[in-house]
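Each remark here refers to the structure printed beneath this line.
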Amino acid sequence: MSKPDELLVDIAALVESGHSNQMTLTVVAGGAVITGRLAPEVVWRQRVSEVLADSARLSEFSAVFTAPTPVEKTPTHLHFHVARILQGTVGIPDTGGMYRVRIDDVSAWTMGDFSYSDH
């Protein structure tokens, strides 16, 4: 979107305020369909840092995600956790992943997450 959807920005701001991490959303960005639950950026960063710290090969990148970040007045990104990229009838990854999506890149969205079937 050349101009971000104000309603989507408002939803992101409410999530960022820490009031809830239960908002589920499905977005289309760059041709990919991503569905899952939104988290405040600080929570998302902490979880990514923990996953990286537990990795023998990637632990050195953990600190990048725990470094202080400037507080932005208006959210510019959506932070998905327990999310999947939908491809046909499959959700990738099976267990859910962590995705950061620029709000400007969202071309369509809907409330809730889509189910998928791998049968």
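The values are calculated or read from the model by the stated rules, or taken from the named source; none is laboratory data. These numbers come from a predicted model, not from an experiment. With ideal geometry, Cβ positions are generated from the backbone for all residues, glycine too; neighbour counts draw on all protein chains shown. Quick note on the areas: whole protein, heavy atoms, side chains included, nothing else; ligands and nucleic acids left out. Shrake-Rupley method; radii C 1.70, N 1.55, O 1.52, S 1.80 Å.
Table for the structure above
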{"quantity": "Net charge of neighbours whose Cβ lies under 13 Å from the Cβ of Thr35, counting Lys and Arg as +1 and Asp and Glu as -1", "calculated": "+1"}
{"quantity": "Correct option for Rg/Rh (Cα atoms, Kirkwood Rh) [calculated from the coordinates] among (1) 1.55; (2) 0.98; (3) 1.42", "calculated": "(2)"}
{"quantity": "Virtual spin-label span in nm between Ala56 and Ile92, 7 Å along Cα→Cβ", "calculated": "2.6"}
{"quantity": "Assigned charges on the beta-carbon of Lys, Arg, Asp, Glu; region 12-117 dipole about Cα centre (debye)", "calculated": "40"}
{"quantity": "In Å², nearest 10: area of Arg37 left accessible to a 1.4 Å probe", "calculated": "70"}
{"quantity": "Within the accessible area of the chain (1.4 Å probe), percent carbon and sulfur", "calculated": "57"}
{"quantity": "Difference of contour (0.36 nm per residue) and Cα-Cα distance, Glu6 to Gln46", "calculated": "11.7 nm"}
{"quantity": "1.4 Å probe accessible area per residue over region 12-119, in Å²", "calculated": "61"}
